[in-house]
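A short reminder: the numbers here are calculations on the coordinates, not readings from a lab. Bear in mind that the values here come from a model prediction, so they are computed numbers and not experimental data. Heads up, the Cβs are rebuilt from the backbone with ideal geometry, glycines too, and the neighbour counts pull from every protein chain shown.
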Amino acid sequence: MKRVGLGVLLLAWLYGVPFLFIVGLMRRTSSPYLATRAEAEAFGATTGAILTAALILNLTLPLVGVLLASLARDPYWMRHFVWSLAGMAVIWVLFSIAGNAATAPMIGWTPADQEPAPRITQCIPRSGGHGCPGG
């Protein structure tokens, strides 16, 4: 049973973390049509949560795997999880490269909304000789 659990843990890191990164980066680089500012903030918050979850899982899953494999004294899975530590570093480097290439922060980014500018329906005269435009 311990081999199945360690295998699931490794596969969760091997396939789950890159999946979350790909989804998060696709959402980060897309320019969705969002009608209001609230929708744009919700989209950005979800994208940030996906990327944050990917970073946290990328850090914790290999470390937990090494810990559990060493407690189980299983050299087969220990070897796999030690190599996953190198993969963890590669994923961090790739994420930092993507972050440096981005024009805005990767996490905490909010896309532009498509809310129209409010119409001016009333003119408020100012002092200093400037009246309302158009009479």
Measure out, as a whole number of angstrom, how far apart the alpha-carbon centroids of the stretch 1-28 and the stretch 54-104 sit.
10
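Between rounded, prolate and oblate, where does the stretch 2-101 land on the alpha carbon gyration tensor, with a ≥ b ≥ c its root eigenvalues, rounded for a/c under 1.5, else prolate if a/b exceeds b/c?
Values: a/c = 3.68, a/b = 2.47, b/c = 1.49.
The shape class here is prolate.
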Per 0.36 nm of contour for each residue apart, how much would the distance between Glu41 and Gln122 grow if the chain were fully extended, relative to their Cα-Cα spacing?
26.2 nm
Before anything else, pin down the relative contact order of the chain: Cα pairs under 8 Å, at least 6 apart, normalised by residue count, whole percent.
35
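Size of the dipole of the stretch 1-93 about the Cα centre, Lys and Arg at +1 and Asp and Glu at -1 on the beta carbon, nothing else charged, in debye to 20?
On the way: 7 positive and 3 negative charges, 53 e Å.
Here the size comes out at about 260 debye.
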Whole-Hz Karplus ³J(HN,Hα) for the stretch 22-31, in order, using 6.51 cos²θ - 1.76 cosθ + 1.60 and θ = phi - 60°, x for Gly and Pro?
5, 4, x, 6, 5, 5, 5, 8, 7, 10
Multiplying the sequence separation of Glu115 and Ser30 by 0.36 nm and subtracting their Cα-Cα distance, what value in nm do you get?
28.8 nm
